[in-house]
Amino acid sequence: MKDTIEEIENEYWGIAPEDSSGLVMTVHKLRKKKISEFDVEDLRLMIGQDVALETFVPIAIERLKENIFSEGNYYPGDLLNNVLTAKKDFWAANPQLKQQVIALFEENINNENDDVTDRDRLRFRETFENFR
C-alpha cells in the first residue's frame, strides 16, 4: 500500500491545533503517512484510537502472524492487545477478520517468547475471552 489514510478516505484533517495533545498530533501525522511505511507502533496507536480499523486491522493480523507478541513502544503483545480491544461494532461487521484473530490467537498464544511471562499470557487470555 502506498496511499495514506487521508487519500483512502478522501478526508483531510489538516494540521492538529497547536494546543492538541501529543496523541492527537501523532494521529494527525499518521493520517498523512504512507501505510506501507507503518511500523508496529503506528498500527498499535491507530488501532488503539479506533482509526481506520478496516484498513489497519488486516495489516495488524499479518504482523501478528509473524509474531503474536509484536511490540510497539510499550510491551510484548501491545499490538495484539489493541486488536483484541478494538470496537465491538467493528468486529460484529467483520466476522471473517474476527475468526482470523481467534484462530491466530489459539494457534500462537503459547509460542516461546522470553519477554512474555505466564502472568502476561493470563492477561492476554482474559482479554481474548472478552473479545470472543
The one condition in (1) assigned to a loop (DSSP other than H, G, I, E, B); (2) touching a Lys or Arg at 6+ places or on another chain (Cβ under 6 Å) that Pro17 fails to fulfil: (2)
Members of region 113-132 found to be closer than 18 Å to Arg63 by Cβ and exposed (fewer than 14 other Cβ atoms within 10 Å of the Cβ), listed by number: Asp115
Condition check for Asp3: in a helix (DSSP H, G or I), of a type outside the set (S, T, N, Q) and either in contact (Cβ under 8 Å) with a residue 12 or more places away in the chain or under 29 Å from Glu66 (Cβ atoms) (or both): no
Residues (surrounded by 21 or more Cβ atoms within 10 Å (Cβ to Cβ) and small (Gly, Ala, Ser)) located in region 43-85: Ala60, Ser70, Gly77
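Read-outs throughout are calculated quantities, based only on the coordinates presented, and are distinct from any laboratory measurement. Note that the structure is predicted; figures quoted are calculated from it, not measured. With ideal geometry, Cβ positions are generated from the backbone for all residues, glycine too; neighbour counts draw on all protein chains shown.
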